[in-house]
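Working notes, structure below.
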Amino acid sequence: MFDTIIIGGGPASLSAAIYLKNANKNVLIIEKEVPGGKILKTEKITNYLGFIEEDASLLAYKMYEQTQKLNIPINIEKAIDVEDNDNEKTVITDKNTYKAKTIIIACGRTQKKLGIQNEDKLYGKGVSYCTKCDASLYKDKVVGIISNNKDDVLYLSNIAKKVIFINYSKKDVNFDNDNIEVINNEKVIKINEKNDIIKSITLSSNKEYEISCLFIETGYTPNIDFIKKLNIETKNNYIITDENMKTNINGIYAAGDIVYKKVYQIINAASEGMVAALSIVKDLK
Ligand SMILES: Cc1cc2nc3c(=O)[nH]c(=O)nc-3n(C[C@H](O)[C@H](O)[C@H](O)COP(=O)(O)OP(=O)(O)OC[C@H]3O[C@@H](n4cnc5c(N)ncnc54)[C@H](O)[C@@H]3O)c2cc1C
């Protein structure tokens, strides 16, 4: 039986695993794709402390390498169910069944897409799903944004030359900032490219706007379907934890983007992984 099984292999998980292994705990990571998580969905990381401008996949690799120096096992399997029998948890994957004393759920969230032409192709080439992460790459440029959060639009307006806000909500929205143009009652129907980079967007009125990036902030879905049976306390489908990253179920912890909180970045995902790990070290004594 493992001391801890961590479900998900992103920064929250890898950070937790390092702290657990350093505390001599027997830990297993289960990751359905590749270790590194969402970091692998972007190109450059410019806001993670200690890395001035890091290739995102290299940063993910360094995190993975750090776990491999400690011989932490990472099994590439998809968790499909978790059973709770108080001091014994069972994780069922698409390939195996494992037992552990504790579990950390660190399986992140999936962004909602618009489902329009070129959206997938231009992801990272002028289509972004993370304003706070990528806005700095478009300093003094003209950008577009679809968001249900006014703060994203204001954040962008401090960096970009001009922000075209395509308002998908039914309510009219106004801003005082001169560099924000609000477009009501329209949808983006097409993202246009030139040489594999975004060139413009076409709206439902057929009007075309030249932009350097389209930020799509239409929300996320936390990856919790496989633990629905557990009755873990959630808000808007995000897991609620206390300050020790404990859920309402004894021995089950959560960390990173799966958690209900205000900010979703690598630095706090890694920090929460560390807190969950140290809570487990204390609780397993
Ligand atoms: C485009 C983009 C750019 C970003 N840029 C930045 C940035 O510049 N700076 C910054 O700080 N943050 C950035 N972020 C946010 C950052 O990537 C996340 O906050 C961080 O990765 C969250 O870490 P996590 O470990 O909680 O989850 P994730 O990184 O999402 O990792 C979760 C892992 O769980 C796995 N998983 C899911 N379900 C299962 C299952 N059933 N079984 C097994 N494994 C499963 C997934 O495959 C994934 O690898 C960006 C995010 C995006 C989308």
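Please treat every number below as a calculation from the coordinates, not as lab data. Predicted model, so just to flag it, every value in this text is computed and none were measured. Because the Cβ atoms are built from the backbone with ideal geometry, glycine has one as well, and the counts that use them run over all protein chains shown.
For this structure, a couple of remarks:
- Each residue of the range 135-146 was assigned a 3J(HN,Hα) from its phi angle through the Karplus expression (A = 6.51, B = -1.76, C = 1.60, θ = phi - 60°), giving 4, 4, 6, 10, 4, 6, 10, 8, 10, x, 8, 10 Hz with x at Gly and Pro.
- Between the range 1-48 and the range 219-283, the alpha-carbon centres lie 14 Å apart.
- Global geometry of the range 1-114, whether rounded, prolate or oblate, following the gyration tensor of its Cα atoms and the 1.5 cut on a/c: oblate
- Annotation: amide H-H contacts under 5 Å for residue 192 (H modelled 1.01 Å from N, sequence separation of 5 or more, or interchain): 199, 200, 201, 202.
- When the chain is treated as a GNM with alpha-carbon contacts under 10 Å, the residue of 24, 195, 118 showing the greatest mean-square fluctuation is 195.
- Close amide-amide hydrogen proximity is noted between residue 141 and 161, 162, each under 5 Å apart and 5 or more residues distant or on a separate chain (H modeled in the peptide plane; Pro and chain starts excluded).
- Using the rule -39500 (n - 2.57) for each DSSP H run of four or more residues, divided by the residues of the chain, the 222 nm mean residue ellipticity is -6000 deg cm²/dmol.
- Too-long pairs where the Cα-Cα distance tops 24 Å, listed order kept, from 95/228; 132/246; 228/282; 170/190; 95/246; 139/261: 132/246; 228/282; 95/246; 139/261
- Listed values for the range 113-126 are Karplus-derived 3J(HN,Hα) couplings in whole Hz (6.51 cos²θ - 1.76 cosθ + 1.60, θ = phi - 60°), namely 10, 7, x, 10, 4, 6, 4, 6, 4, 9, 4, x, 10, x, and x replaces Gly and Pro.
- Sequence-separation-based contact order of the chain, relative, with Cα cut under 8 Å and 6+ spacing, percent: 22
- The range 113-217 shape via C-alpha gyration tensor axes, a/c threshold 1.5: oblate
- Percentage relative contact order, the range 113-217, counting C-alpha pairs under 8 Å, at least six apart: 35
- Cβ-based exposure ranking for 2, 175, in which fewest neighbours within 10 Å come first: 175, 2
- Helix 56-69 and the long axis of the chain differ in direction by around 10°, with both axes built from C-alpha atoms.
- Checking every one of the trypsin sites (Lys or Arg not before Pro) in the range 1-68 against DSSP loop status and a limit of 11 other Cβ atoms within 10 Å picks out no site at all.
- Positive minus negative residues near residue 224 (Lys, Arg vs Asp, Glu; Cβ under 13 Å): 0
- For the range 197-246, the list of trypsin sites (Lys or Arg not before Pro) that fall in a loop by DSSP and count at most 11 other C-beta atoms within 10 angstrom reads 207.
- Taking other Cβ atoms within 10 Å as a rough exposure proxy, 260, 64 sort from fewest to most as 260, 64.
- Note that the range 97-102 has calculated 3J(HN,Hα) couplings of 10, 10, 10, 8, 6, 9 Hz, one per residue in order, obtained from phi through the Karplus relation 6.51 cos²θ - 1.76 cosθ + 1.60 (θ = phi - 60°); glycine and proline are x.
- Compared with the dominant principal axis of the Cα atoms in the chain, helix 11-22 is inclined by about 20°.
- Of the residues 274, 245, 63, the one with the fewest other Cβ atoms within 10 Å heads the list, and the complete ranking is 274, 63, 245.
- Amide hydrogen proximity for residue 253: with H placed 1.01 Å from N in the peptide plane, the residues at 5 or more positions away or on another chain lying under 5 Å are 103, 104, 105, 247.
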